[in-house]
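Structure, as structure tokens:
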Amino acid sequence: MKWIFIEPEDVWFFRDARAFVKGGGYSTAKIIFPPSPQTVTGALRSLILGNYPNLDMTKFETGADKDLYRRIGKPGDLGPEFCLRGPFFARRLGDDILCYTQLPQDVYYTDQDNHRFGAYHPIERSPFESAWSSQGSALHPLWPPHGQRQDGVEEPYWVNSSGVDDYLAYREFGALLQSELFVVSPRTGIERDPDLRIAKNQMLYTAPFIYLRNYLGLLVGVNDELDLPFEKGLLNLGGEGRAARFQNIPKDSINFLPSSAPANKQRIKIVLTTPAYFEDGWHPKDWNWQAVGLPPGAKLISAALGKPQYAGGWDVNRHKPKPMHALVPAGSVYYFEFSEPLQNSIDSNNLSFTESPEGEEDYRRMGFGQCIIGTWDWQTV
């Protein structure tokens, strides 16, 4: 797999698939960052199409151009070899790349003034009953040390790879406020009538644009067969096709997030680093965790989930919007216990913790369901 780093040449605009929220003649869009894997997939496929020699759109749309189909597929079909990992938020430090992930949902403040955190454990014997159930038994609540009440975390934070190491080891760790990494700036506009070329009444809107601090961008892994036309260059990314520059990055220069849980462990936790889709909302159909890559015998013990993110898009084949899907967002955490200790380690590089909507492109190969994996023990009261 090859890795590319994408940095902004301009502000960026990424929003979820829902229509602008309207009220009183005014509408707003909800920002998402990093952008959906669908957004980056579309940008890279468009880059290849725009630089493909003697492009025949009919052959592309039908898959008749075998070389192009092998590399990027056709509308509604990723083809046999297309594969993407990420996008991951990252910082360029000289020749090195440092990865970040959103603060996991199962943490609490240990020192709010200095942005320090600890992680909850599930409690084995709960003092109250849970209304949520998994595979016929109640889920266990997450519990702070010594049962002391902890304030929830409301502000958005980001954690680098060393912080993730401490988080997975249940050590205190630090995180950066989102405002230290990028700024969200709302811009107000008004919809115009394309025929009359005048502003429409009661059609004000606000669009949130992202200003990244210096040296910050997106890290994306692509399969070797994708064969980008340049080692570095420009592409259009996100809403309004805002400009971005990209360049190939050597793998050994990347400080990746931790990727595996050791063997001989019976309890693991999975933390999403990109959104995931599940047929039954926040879990796979019939609680079949093998369908999302886990070994047999996995039982869900607890979960800490963020607010849903929405994915949709335009169906090029049918010339209409795709169905909208609710996604479990990055930062959500799932706790599992296996019937027996695992014989082999689980490497998140080989795991796509997601399903795919029926009749749509393979979400696993677009970068959905990327994760980090750790272990856990029961919290004692």
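The values are calculated or read from the model by the stated rules, or taken from the named source; none is laboratory data. Please read all numbers here as calculations on a predicted model, not as lab measurements. We place every Cβ from the backbone using ideal geometry, glycine too, and count neighbours over all the protein chains shown.
Structural remarks
- Among the residues of segment 62-82, those that are over 28 Å from the mean Cα position of the chain (by Cα) and not in a loop (DSSP other than H, G, I, E, B) comprise 62, 66, 67.
- Residues of segment 185-208 include none that is of a type outside the set (Ser, Thr, Tyr) and either within 20 Å of residue 245 (Cα to Cα) or in the same structural domain as residue 364 (by TED's automatic domain parsing) (or both).
- Selection from segment 330-350 of residues that are crowded, with 20+ Cβ neighbours inside 10 Å and either charged (D, E, K, R) or at negative phi (or both): 330, 332, 333, 334, 335, 336, 342, 346, 348
- Qualifying residue in segment 260-273 (condition: closer than 21 Å to residue 355 by Cβ, assigned by TED's automatic domain parsing to the domain that holds residue 371 and not aliphatic (A, V, I, L, M)): yes
- Qualifying positions in segment 1-41 - farther than 19 Å from residue 209 by Cβ and modelled with pLDDT of 80 or more: 1, 2, 3, 4, 5, 37, 38, 41
- Selection over segment 83-112 of residues that are farther than 18 Å from residue 255 by Cβ, assigned to a strand (DSSP E or B) and of a type in the set (S, T, N, Q) gives a count of 1.
- Residue in segment 282-303 that is assigned by TED's automatic domain parsing to the domain that holds residue 335 and under 30 Å from residue 187 (Cβ atoms) present: no
- From 180, 172, residue being in contact with a Ser or Thr (Cβ under 7 Å, 6 or more places away or on another chain) and within 30 Å of residue 121 (Cβ to Cβ): 172
- Members of segment 122-145 found to be at pLDDT below 60, hydroxyl-bearing (Ser, Thr, Tyr) and assigned to a loop (DSSP other than H, G, I, E, B), listed by number: 130
- Residue within segment 351-365 that is part of a strand (DSSP E or B), of a type outside the set (Lys, Arg), touching a residue at least 12 places away in the same chain (Cβ under 8 Å) and in contact with a Pro (Cβ under 8 Å, 6 or more places away or on another chain) present: no
- The residue that is nearest to the chain's Cα centre (by Cα), among those in segment 300-350 that are among the aromatic types (Phe, Trp, Tyr) and modelled with pLDDT of 85 or more, is 310.
- Count of residues meeting criterion [part of a loop (DSSP other than H, G, I, E, B), at pLDDT 90 or above and surrounded by fewer than 16 Cβ atoms within 10 Å (Cβ to Cβ)] in segment 157-208: 3
- Residue within segment 32-43 that is crowded, with 21+ Cβ neighbours inside 10 Å, in a loop (DSSP other than H, G, I, E, B) and of a type in the set (S, T, N, Q) present: yes
- A single member of 253, 259 is in contact with a strand residue (DSSP E or B) (Cβ under 9 Å, 6 or more places away or on another chain), at pLDDT 90 or above and surrounded by fewer than 17 Cβ atoms within 10 Å (Cβ to Cβ), and it is 253.
- Selection from segment 212-232 of residues that are in a strand (DSSP E or B) and surrounded by 13 or more Cβ atoms within 10 Å (Cβ to Cβ): 212, 216, 217, 218, 219, 220, 221, 222
- Residue list for segment 236-250, filter: part of a loop (DSSP other than H, G, I, E, B) and surrounded by 21 or more Cβ atoms within 10 Å (Cβ to Cβ): 238
- Matching entry among 294, 272 (being out of contact with any Gly (no Cβ under 6 Å at 6 or more places or on another chain), closer than 18 Å to residue 34 by Cα and buried (at least 19 other Cβ atoms within 10 Å of the Cβ)): 272
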